[in-house]
Amino acid sequence: MNLYTVIVYVVPAGSHQVESVEARDGTEAVIQLRERMLLTKEECEVVAVACGRVQFECVDAAQVALAPYGSPVGL
């Protein structure tokens with residue numbers, strides 16, 4: 001088992017979910033997260049899967065352009 005950081009866009013909520021998941025591979029990590037959140041394949045869009053635990057940093061939104069829906073809250 002390996003640790004993966006999974007970032008998905010949750011369509012019904014219109015938000016992102018970031019979690020670390022232990023799994024055999026990245027695909028299994030996404031499936032585990034999707035099932036835990038009781039989402040269908042269409043409701044859980046993969047943004048990224050990284051091997052290991054990812055540490056996020058906040059940035060000054062006044063100095064950089066953030067992507068739509070971008071927010072340091074919850075990351």
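Tell me whether the stretch 30-51 contains one or more residues that are hydroxyl-bearing (Ser, Thr, Tyr) and surrounded by 14 or more Cβ atoms within 10 Å (Cβ to Cβ). No, the stretch 30-51 contains no residue that is hydroxyl-bearing (Ser, Thr, Tyr) and surrounded by 14 or more Cβ atoms within 10 Å (Cβ to Cβ). Scanning the stretch 16-30 for residues that are among the aliphatic types (A, V, I, L, M) and either within 12 Å of the chain's Cα centre (by Cα) or closer than 19 Å to Pro68 by Cβ (or both) yields Val18, Val21, Ala29, Val30.
Flag not set for Arg53, criterion: among the basic types (Lys, Arg) and without any contact (Cβ under 8 Å) to a residue 24 or more places away in the chain.
Keeping to the stretch 1-15, report how many residues are surrounded by fewer than 17 Cβ atoms within 10 Å (Cβ to Cβ), under 14 Å from the mean Cα position of the chain (by Cα) and either at pLDDT below 95 or closer than 25 Å to Ala67 by Cα (or both).
6
The values are calculated or read from the model by the stated rules, or taken from the named source; none is laboratory data. Bear in mind the structure is a predicted one, so any value in this text is a computation, not a measurement. Here Cβ is always computed from backbone atoms with ideal geometry, including for glycine, and neighbour counts include all displayed protein chains.
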